[in-house]
Amino acid sequence: MIDTSVKVALVSGASRGIGEAIALRLVREGFFVVGTATSNEGAQLIEKKLENGLGVVLDIRSRESTENLFLTLKEKNISPVVLVNNAGITRDNLILRMSEEEWGDVLETNLNGVFRLTKGLVRGMTRARWGRIINIGSVVGRMGNPGQSNYSASKAALEGLTRSLAAELASRNVTVNTVAPGFVTSDMTNSLSEAQQDEINRRIPLGRVGNPDEVAGCVSFLAGEDASYITGQTISVNGGLSFI
């Protein structure tokens, strides 16, 4: 049974990494958290990890899957007032080799999926006259990165979306911000050679990669009352990388 007096947060892509850390942090902060995954196994794993939450299946690329999520929330009388748009993919390739499919898959997931999910949930926030939308961007949205023109474009577009939505929704007390991580500990970074890891650390002024909990801490702050006067901003969590 869901306690309707508790604020509800929805975190897309919550089965691992940054999304998992955000979901766990928001539960500790007192939210009921709905975490999404692309498979039943992932959704069940989320639910097991959350002390106060729900795991649901969502393929953010699919209109049908997104509509099914909205129906599930309605059936369970759940109305999220915090949305963390974290789900995303990469399909890296140099532009001369990049296929239409590689370009389209990334934009469909990282940008169009965010549009559909946000549009479907923002009405409940405006009715409540309180809401937080937090988009997870990336340092490459500003810096760029060879072989990631599709991913960089999608994350840069998120920042523009953030600023426009912030202006649209401010009168309803709904804030919209982007958190842009740099290099963060993940399966990918852990698989790099020691030399590759040293090179990454050399490029970061703080001399190390971040961890998912550090990103989750920033998201948690933006989801709370202390951030009520912050909207339309991009907050970088990257150890100073973007300033090089």
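The values are calculated or read from the model by the stated rules, or taken from the named source; none is laboratory data. The model shown is predicted, which means the values in this text are computed figures rather than measured ones. Ideal geometry is used to build each Cβ from the backbone, glycine not excepted, and the neighbour counts take in all protein chains shown. Surface areas here come from the heavy atoms of the whole protein model, side chains and all, with no ligands, DNA or RNA. Shrake-Rupley method; radii C 1.70, N 1.55, O 1.52, S 1.80 Å.
Quick notes on this structure:
- Values (i) 0.98; (ii) 1.02; (iii) 0.96 are given for comparison; Rg/Rh (Cα atoms, Kirkwood Rh), derived from the coordinates here, is the one labelled (iii).
- Bridge orientation summary for the chain: considering DSSP beta bridges with both residues in this region, about 0 percent are antiparallel.
- Positive-pole candidate from 170, 138, 220, dipole of segment 107-244, charges at beta carbon: 170
- The chain: angle of helix 194-203 to the longest principal axis, Cα-based, in degrees nearest 10: 80 degrees
- Ranking 90, 113, 103 by Cα position along the charge dipole of segment 77-117, where only Lys, Arg, Asp and Glu carry charges on their C-beta atoms, puts 113 farthest toward the positive end.
- Taking all protein chains together and a 1.4 Å probe, the residues 161, 10 rank 161, 10 from largest to smallest accessible area.
- Phi-derived couplings, Karplus 6.51 cos²θ - 1.76 cosθ + 1.60 at θ = phi - 60°, listed residue by residue for segment 89-95: 9, 10, 9, 6, 5, 5, 4 Hz, with x used for Gly and Pro.
- Selection among 9, 195, 124 by position relative to the dipole of the chain gives 124 as farthest towards the positive end (Cβ unit charges, Cα centre).
- Per-residue Karplus couplings for segment 219-228, computed as 6.51 cos²θ - 1.76 cosθ + 1.60 with θ equal to phi - 60°, are listed in order as 4, 4, 4, 5, 7, x, 5, 5, 9, 5 Hz, Gly and Pro entered as x.
- Cα→Cβ-extended label distance, 7 Å offset, between residue 44 and residue 100, nm: 3.9 nm
- Protein-only accessible surface at a 1.4 angstrom probe places the residues 7, 74, 155 in the order 74, 7, 155, largest first.
- Only Lys, Arg (+1) and Asp, Glu (-1) charged, at Cβ; segment 108-191 dipole about Cα centre in debye: 480 debye
- The solvent-accessible area of residue 213, taken with every protein chain present and a 1.4 Å probe, is close to 90 Å².
- Using alpha-carbon coordinates, inclination of helix 113-128 to the longest axis of the chain, degrees: 40 degrees
- Under Karplus coefficients 6.51, -1.76 and 1.60, residue-wise ³J(HN,Hα) of segment 103-112 in Hz, glycine/proline x: 5, x, 4, 5, 5, 5, 7, 7, 10, 5
- Around the Cα centre of the chain, unit charges on the Cβ atoms of Lys, Arg, Asp and Glu (plus for the first two, minus for the last two) sum to a dipole of about 740 debye.
- If only the Cβ of Lys and Arg carry +1 and only the Cβ of Asp and Glu carry -1, the dipole of segment 103-244 around its Cα centre is close to 680 debye.
- Interchain or long-range residues, amide H under 5 Å from residue 133's placed H: 83, 175, 176, 177
- Looking at segment 24-94, the GluC sites (Glu not before Pro) that sit in a DSSP loop and have at most 10 other Cβ atoms within 10 Å of their own Cβ are 51.
- Amide H contacts of residue 234 (H built 1.01 Å from N, under 5 Å, at least 5 apart or other chain): 178
- The solvent-accessible area of residue 61, taken with every protein chain present and a 1.4 Å probe, is close to 110 Å².
- Area of residue 139 that stays accessible when all protein chains are in place (1.4 Å probe, Å², to 10): 10 Å²
- Accessible area in the full protein assembly, largest first, 1.4 Å probe, for 221, 31, 115, 70: 115, 221, 70, 31
- Seen against the Cα atoms of the chain and their longest principal axis, helix 40-49 is set at about 80 degrees.
- Long-range amide H partners of residue 54 with built H, under 5 Å: 33, 34, 35
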